[in-house]
Structures are given as structure tokens and as C-alpha cells.
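Please treat every number below as a calculation from the coordinates, not as lab data. Not measured: the values here are computed from a predicted model. Note that we place each Cβ from the backbone using ideal geometry, even for glycine, and neighbour counts take in every protein chain shown.
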Amino acid sequence: MRKSLLVAASALMGLVSQPALAKDVQLRLTAKEVSLPVDNKGTMQASWTYEGQVPGPVLRVTEGDRVTIVLTNDAANKNSHSIDLHAARVDVVKDFEAIKPGETKTFSFTATYPGAFYYHCGSDPMYQHIARGMFGVILVDPKDAKALPPADREYILVQSEVYSNPDDLHSIMKSDWQHVVFNGVAFKYDPVHDPASTKMLVAKPGERVRVYFVNAGPNEYSTLHPIAGIWDAVYPSGNPKNKKVGMQSLVVGPGDGATFDLISPVEGANVIVDHSMSHAHTGAMAVVMFSNDADPKMGRGNLILVP
């Protein structure tokens, strides 16, 4: 009996450690032109978005999945829109083409590399569509569940520039921005530098906090650093094979991404910051509060992108 139990347990462990089976995944997005706040005081700006939010919804698949994208351009919109996924290898002309209001576009690709990838509108002029907020993150989890150490909490941070008048294309090309922000709002998670902010990212001491970071740009580089902390591990493009250890910061260019692991041995705050001070002090700061009383829901499920 004991031998049979050991054989059964061994077989079960072998099954658990097998790579994830590839799936057919359909992802639907709607381009929506809406008005959204760009700071904690409620300053509104006309935004071009996926699903009415900046950044767009987190898309999540597994390495090897066959992914079908269904993009609809809302009939109420005034502009053509598209989607360019950095996780996809397709025909840029056929699959990433712009569609008019009221139209729908469908195409498929296989997620061949794991990582934290950027997606954005590629319609002309691309830099204006990005500057108005039309971007998001597609996560491709590695098919080998052991490729990365398990994270206790996960968060999405997308850096971008806010322009006072995105209709002034010259100002975008000159990078004459008003704020550099995380997740669409200046100081969104930083009540230290903006008392109007009501949100922070949270975790418990000792927990592995995984930050999936994308720099949407459209122009500025980011030097991502955790003030009062050290990145335990950094994975450029989010690929487990690109591992760097004990990093104080990593430069992430516009249109690029990386995965960052942060562990604090003590209670207290770290501040994730773009260490370019002109970026940080116009909005690119996010407080991570490490507390034994941290909300167990934060950084899990739907709350890896904190609204």
C-alpha cells in the first residue's frame, strides 16, 4: 500500500511540474474615445483608449497559446484606431492596419516568448494615439511554472507622458510634456508628494512583489528605481532567461518593458520612481507600503492593475 501511494504521489508531482498546455485564447477589445482625469484633482482630458481606461485592460496568456485578437472601433468614435502587440509576430500591414469607427478587426498569433509586453494603437500619427492614452500591457506567462520564483503580489505600472494639448503634434514631437506618470495619472499612488492622492501599492514584509513595467512613452526613457530598496531580480522584457540580480535601477526605453521583483525585509515604505528627477517630480512616483496589515486583496486577481 505504501509503495502504491508513493508511485501515485510521484506521478502526480510529475503531472504538476509539466509545462502548461497551449490553449486557444480569444481577447476582445473596444477602442473608446472618452474623457479621463490626468491628475488626482480631476483635471480631465480627451483620451483615446482601450475599453475606456488608461492603461487598457491587462491581457494575459501563456507562452505557446494561440491568441486571437478581436478589436472593435466604437461607432461613436471620430478616429480610426488599431492595435500593435509587441508580443505578436504577424504582418504589420494586414494585421495591425487601422479600422474606421464601427468596424471590427480579427487576427491571430502564437505567443512564442514569455514576458511583459507593450500593446498600443499604431494608427497615424502613432505618437498622438499613444500620447492620448491608447496603450496597455500583455503578459505572456512562461509555460514552465518554475521559470520564475512565485510572486506573492503582482502589480502593473505603465509609464507615459501627459501633454497639455495632444492636438498640438509639434509639442509631442518636441517632447514638451506636462507630466510623466504611472498608469495615466500624476502621483496616482503617491500621497506623500500629492495629498490629493488616496492610493498606494501594498505588501507585507518578506513578500515577493513583482512589478510588470512598460514604458509607453511616446518619447522619454525611464530609469526605474525603488527608493529605500533594491530590485531583488530584474528581467528585461520580462523574459525569465534575461535575469539580473541585485539591481539598483534599470533603464527602460519607450516601447520596452521589464519585470522587477522587490522584497522588503522591514515594515515601511519604498517609492518606485523614474530616477530622472524631472519625470519623478511631475508625477512618476508610486509608494509601496510594506505592512503586516496589508490588504490581502491588493496585488492579486483583478487588482494587479490598481484603478
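Ranked highest first by the average count of other Cβ atoms within 10 Å around their residues, in what order do 117-128, 151-162 fall? Don't jump to the answer; show the numbers that get you there.
Working: 117-128: 20.3, 151-162: 23.4.
Averaged packing, sorted descending, gives the order 151-162, 117-128.
Using every pair of separate Cα atoms, the Kirkwood estimate puts the hydrodynamic radius of region 153-304 at 15.6 angstrom. Say each of R89 and K23 gets a label point 7 Å from the Cα, pointing the same way as Cα to Cβ; how far apart are those two points in nm? Label-label distance for R89 and K23, simple model: 2.3 nm.
Springs between Cα atoms under 10 Å define the GNM used for the chain, and in it the highest mean-square fluctuation of L21, L201, L71 occurs at L21. The calculated FRET efficiency for the pair V192 and V245, based on their C-beta separation and a Förster distance of 30 Å, comes to about 0.55.
Of K143, K32, K94, how do they rank once you tally other Cβ atoms within 10 Å and put the fewest first? If you can, show how the numbers build up before the last one.
Values: K143 17, K32 20, K94 9.
Fewest-to-most ranking of K143, K32, K94: K94, K143, K32.
Size descriptors for region 24-141, from the alpha-carbon set: Rg then Dmax equal 14.0, 43 Å.
Translational diffusion coefficient of region 210-280 at 20 °C, 1.002 mPa s, Stokes-Einstein with Kirkwood Rh over Cα pairs, in µm²/s as a whole number.
Working: Rh = 12.3 Å.
Estimated diffusion coefficient is 174 µm²/s.
Listed by Cβ neighbour count within 10 Å, with the fewest neighbours leading, I138, I69, I227 appear as I227, I69, I138.
Evaluate E = 1/(1 + (r/R0)^6) for A75 and Y113, where r is the Cβ-Cβ distance and R0 equals 25 Å; express this FRET efficiency to the nearest 0.05.
Once the sixth-power term is evaluated, E becomes 0.10.
For the residues F187, F109, F260, a GNM of the chain with alpha-carbon springs under 10 Å puts the largest fluctuation on F109. Along the axis of the charge dipole computed for the chain (Cβ charges of +1 for Lys and Arg, -1 for Asp and Glu, origin at the Cα centre), the listed residues V271, W177, S160 are led at the positive end by V271. In this rough spin-label picture, where each label sits 7 Å from Cα along the Cβ direction, the K297-H170 distance is 4.9 nm.
Let me have the 222 nm mean residue ellipticity of the chain computed from DSSP H runs of 4+ only, each contributing -39500 (n - 2.57), with the sum over all residues rounded to the nearest 500. Please list the in-between numbers first.
Working: 5 runs with 34 residues, N = 307.
Here the helix-only value at 222 nm equals -2500 deg cm²/dmol.
Given +1 at the Cβ of Lys and Arg, -1 at the Cβ of Asp and Glu and no other charges, the dipole of the chain around its Cα centre is 1100 debye to the nearest 20. If I build a Gaussian network model for the chain, linking alpha-carbon pairs within less than 10 angstrom, which residue out of K100, K188, K204 has the largest mean-square fluctuation? Of K100, K188, K204, the most mobile in the Gaussian network model is K100.
State the percent of C-alpha pairs, over all pairs in the chain, separated by a distance greater than 37 angstrom. Walk me through the numbers before you get to the answer.
Working: 7769 of 46971 pairs.
That fraction is 17 percent.
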